[in-house]
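Reading through the structure tokens given below for one structure.
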Amino acid sequence: MLRKTDFYIDGKWVAPVAPREFEVINPADEQPFAVISLGSKADVDKAVAAARRAFPAWAATSHEERIAAVERLLEAYKARMADMAEAISREMGAPIRLATESQASVGAYHIKNFIRALKNFRFEHPLDERNPQEMIVREPIGVCGLITPWNWPMNQVALKVVPAVAVGCTAVLKPSEIAPMSSIVFAEIMDAAGFPAGVFNLVNGDGPTVGEAMSAHPDIDMMSFTGSTRAGIAVSKAAADTVKRVALELGGKSPNLVFADADVEKAVIRGLDHMFENTGQSCNAPSRMLVERPVYERAVEIAAAHAKTAKVGDPAQDGDHIGPLVSEAQFNKVQGLIEIAIKEGARLVAGGPGRPEGFNRGYYVRPTVFADVSNDMTIAREEVFGPVLAMIPFETEEEAVRIANDTPYGLSSYIQSGDPERIRRVARQLRSGMVQINGKSRAPGSPFGGYKQSGLGREGGAFGIEDFLEVKAVSGWPVDGA
């Protein structure tokens with residue numbers, strides 16, 4: 001049993017103010033494999049005080065010095081890639097191939113992209129050509145509280161910690177207590193990269209205690225949170241009394257519009273594979289597949305057949321299978337939503353309730369497809385966060401757009417069509433922060449975030465850097481030669 005009960009505060013591993021041990025469960029076998037501590041408000045106070053002390057000196061370092069520190073971080077991260085993948089696989093059930101090739105490697109991917117963006121970012125520039133004496137100066141906002149989820153832990157840690165410290169902020173990180181081991185490895189990597197004491201701090205804990213204390217803390221200048229919309233609302237309310245900036249990356253119920261002029265087989269298989277990736281535990285998963293009526297039944301047949309080929313297996317084993325859900329609570333939630341979909345009249349064409357054949361323990365679920373879903377059904381409204389696809393027919397382009405936008409969320413949308421004019425027309429009408437067309441991946445540094453209840457702000461590249469900066473307008477700036 002691993003024991004990682006200390007917190008990383010002010011450049012040192014320190015014991016919690018009051019012991020409160022918590023077992024970390026491996027979702028593949030439902031057994032504890034590590035013990036951490038859950039922190040308290042007193043631990044948050046210590047971490048915030050360290051970050052506040054470190055801020056003036058760190059903010060005053062040169063742009064070049066901070067880029068050099070992030071470059072050291074990248075090298076230290078690469079050296080621990082295997083450790084990171086193992087931690088992620090064990091804590092949240094990602095199959096080891098996915099944990100290595102996607103979950104762990106995405107941390108290095110984001111660090112590299114931030115280095116590139118930082119080298120091109122203008123922290124100071126004149127307002128415009130007519131006003132060279134008006135200087136726009138971007139400065140670090142201060143001490144940042146960062147709360148990250150369990151589903152893509154290093155994706156979110158890198159998207160928050162790296163831009164924050166790279167622009168001169170200091171940070172206190174609270175990872176999910178369900179999957180904290182990868183963030184402990186990350187803290188060791190930050191230490192190895194040589195960041196000054198207090199620039200980065202880690203306190204484990206739960207949302208109602210540590211998350212609440214961070215969100216309400218008067219010495220934290222900004223909160224950046226990724227997780228459920230419900231928890232994001234709680235962060236926003238707690239932060240309101242101190243009028244701190246809040247950035248949120250929340251839930252999604254992303255529509256995938258499949259038009260009859262698309263390559264239907266490729267589109268359906270691509271959409272289903274994306275839906276099942278990470279056992280469906282992705283906020284931007286294309287969980288509603290909207291299909292034009294002339295090809296709808298064919299699409300349902302393709303989806304049903306392909307879902308039955310999806311393999312479920314032990315995350316410790318190499319392969320392209322999917323693993324378990326992260327926890328008992330998540331397992332029960334997904335099972336409940338599958339049962340509700342059946343009761344509400346959705347047509348079950350693959351999967352269904354219960355564990356897959358051959359599994360009697362572990363939080364494994366059956367890859368599931370529902371057809372004949374209407375957009376007012378629970379399965380079309382709520383974020384399932386499991387490998388469950390809802391298929392919805394539509395008659396016209398206008399109806400497809402209406403159904404796609406009929407959701408409280410607005411994170412991502414997907415379009416499958418062979419008509420360039422339709423693609424442009426529909427993409428402009430979709431109320432989401434991201435639109436991906438015919439399987440095209442988002443570019444490095446592309447802004448990640450959404451409309452409506454999917455959040456506030458954007459992460460990644462230059463857009464993610466801007467979130468951690470204040471803007472200062474200085475008039476009367478001395479101009480050379482004047």
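Side notes on the structure shown:
- Within the range 125-148, the set of residues being assigned to a loop (DSSP other than H, G, I, E, B) and buried (at least 24 other Cβ atoms within 10 Å of the Cβ) comprises Thr148 only.
- Verdict on Arg366 being in contact with a Gly (Cβ under 6 Å, 6 or more places away or on another chain), surrounded by 16 or more Cβ atoms within 10 Å (Cβ to Cβ), under 23 Å from Glu328 (Cα atoms) and at pLDDT 95 or above: yes
- Any hit, the range 170-187, residues being more than 19 Å from Thr5 (Cα to Cα) and crowded, with 24+ Cβ neighbours inside 10 Å: yes
- Of all residues in the range 402-446, exactly one satisfies the criterion of being surrounded by fewer than 17 Cβ atoms within 10 Å (Cβ to Cβ), farther than 22 Å from Met275 by Cβ and touching a Lys or Arg at 6+ places or on another chain (Cβ under 8 Å), namely Pro444.
- Any hit, the range 39-46, residues being surrounded by fewer than 24 Cβ atoms within 10 Å (Cβ to Cβ), touching a strand residue (DSSP E or B) at 6+ places or on another chain (Cβ under 9 Å) and assigned to a helix (DSSP H, G or I): yes
- Failed item, numbered, when Ala262 is tested on (1) buried (at least 21 other Cβ atoms within 10 Å of the Cβ); (2) in contact with a helix residue (DSSP H, G or I) (Cβ under 7 Å, 6 or more places away or on another chain); (3) not in a strand (DSSP E or B): (2)
- Looking across the range 90-116, the residues that are of a type in the set (A, V, I, L, M) and crowded, with 20+ Cβ neighbours inside 10 Å come down to Met92, Ala94, Ile96, Leu98, Ala99, Ala104, Ile111.
- Candidate set: the range 217-238, residues that are of a type in the set (A, V, I, L, M, F, W, C) and part of a helix (DSSP H, G or I); chosen: the one nearest to the chain's Cα centre (by Cα): Ala231
- Contact map, the range 66-88: first residue in contact (Cβ under 8 Å) with a residue 60 or more places away in the chain and under 27 Å from Arg3 (Cβ atoms), second residue outside any helix (DSSP H, G or I) and among the hydroxyl-bearing types (Ser, Thr, Tyr), Cβ cut-off under 6 Å, separation 6 or more or different chains; the map is empty.
- Hits in the range 311-320 (condition: of a type in the set (A, V, I, L, M) and either outside the structural domain of Phe359 (by TED's automatic domain parsing) or crowded, with 20+ Cβ neighbours inside 10 Å (or both)): Val312
- Top-ranked residue of the range 56-89 - restricted to ones that are within 14 Å of Ser182 (Cα to Cα) and touching a Pro at 6+ places or on another chain (Cβ under 8 Å), ranked as surrounded by the fewest Cβ atoms within 10 Å (Cβ to Cβ): Ser89
Quick grid of which residues meet (1) of a type in the set (Gly, Ala, Ser); (2) under 16 Å from Val161 (Cα atoms):
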| position | (1), (2) |
| --- | --- |
| Glu177 | no, no |
| Pro180 | no, yes |
| Ala197 | yes, yes |
| Asn201 | no, yes |
| Gly207 | yes, no |
| Glu212 | no, no |
| His217 | no, no |
| Ile233 | no, no |
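Here's the yes/no breakdown for (1) without any contact (Cβ under 8 Å) to a residue 60 or more places away in the chain; (2) within 29 Å of Met223 (Cβ to Cβ):
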| residue | (1), (2) |
| --- | --- |
| Ala380 | no, no |
| Ser413 | no, yes |
| Val426 | no, no |
| Ala443 | yes, yes |
| Pro447 | yes, yes |
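The values are calculated or read from the model by the stated rules, or taken from the named source; none is laboratory data. Source: prediction; values computed, not measured. Using ideal geometry, Cβ is built from the backbone for each residue, glycine included, and neighbour counts are taken over all protein chains shown.
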